[in-house]
Amino acid sequence: MNTPILQDDQNPEIQAVKSAMKSTKNKRMFERYQTILLHLHGMKYDQIALIVGRSNVTIGSYVKAYRAYGLDGLVLGESPGRPSFLTKEQEGQVRKLLIEKRPADVGFPSEMNWNAPLLRQWILREFSVTYSERGTRKLLHLLGFSFTKPTYTLALADPQKQEQFKKDFDVVKKIDSVRN
């Protein structure tokens, strides 16, 4: 049962919630604080649920957390996210593939580097698991890979000529910057 409603300026609980609402920039935290403020003003769960766009169960969980731990009980925790579509063993196979083989080694057209679309095709072919483009990139990140654009270097280039080119190019850039 709710306590009698006091004027906002007389109720320290309401003042604390309002202060928290003003200080947060996080939309989800604002919504949680708003839920508690409405609850402290005596509104029922179904009314609050309509206002904030959450279910009665969610409203109840916010109020329960607030009653147990105060405003600290509303702090967002880490979401574990959806479990991987691949087992740990399959993830290990993907990692090994990316480190040890090129796409051409496993039957793809002669691509020099792995990319998300190719890996996605390989996972579908090998494990019958469908990943989205974004999901494939996320998997790559979780496996410790990062994205880089391939750059080409001339393995047989003359280092002295390269240094001379850099010096000449710096001179051209300086001249160009003076003109502009």
* Would you indicate which of (1) 2.62; (2) 1.84; (3) 1.66 is the value of Cα Rg over 2.2 N^0.38 Å derived from the coordinates of this structure? => (2)
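Which is the longest stretch in the chain that no exposed loop site breaks, taking sites as GluC sites (Glu not before Pro) with a DSSP loop state and at most 15 other Cβ atoms within 10 Å?
Values: sites that count: Glu78, Glu111.
Value returned for the longest uninterrupted segment is 1-77.
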* Asked: In deg cm²/dmol, rounded to 500, what helix-only [θ] at 222 nm does the chain give when every DSSP H run of at least 4 residues adds -39500 (n - 2.57) and the total is split over its residues?
  -> -18500 deg cm²/dmol
* Asked: Cα to Cα, under 26 Å, and not fewer than 8 places away if on the same chain: which lysines meet these conditions relative to Lys18?
  -> Lys27, Lys44, Lys64
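No lab work stands behind these numbers, since they all come straight from the coordinates. Computed from a predicted model, the values in this text were never measured in an experiment. Methodologically, a virtual Cβ is constructed for each residue, glycine included, from the backbone with ideal geometry; neighbour enumeration extends over all protein chains shown.
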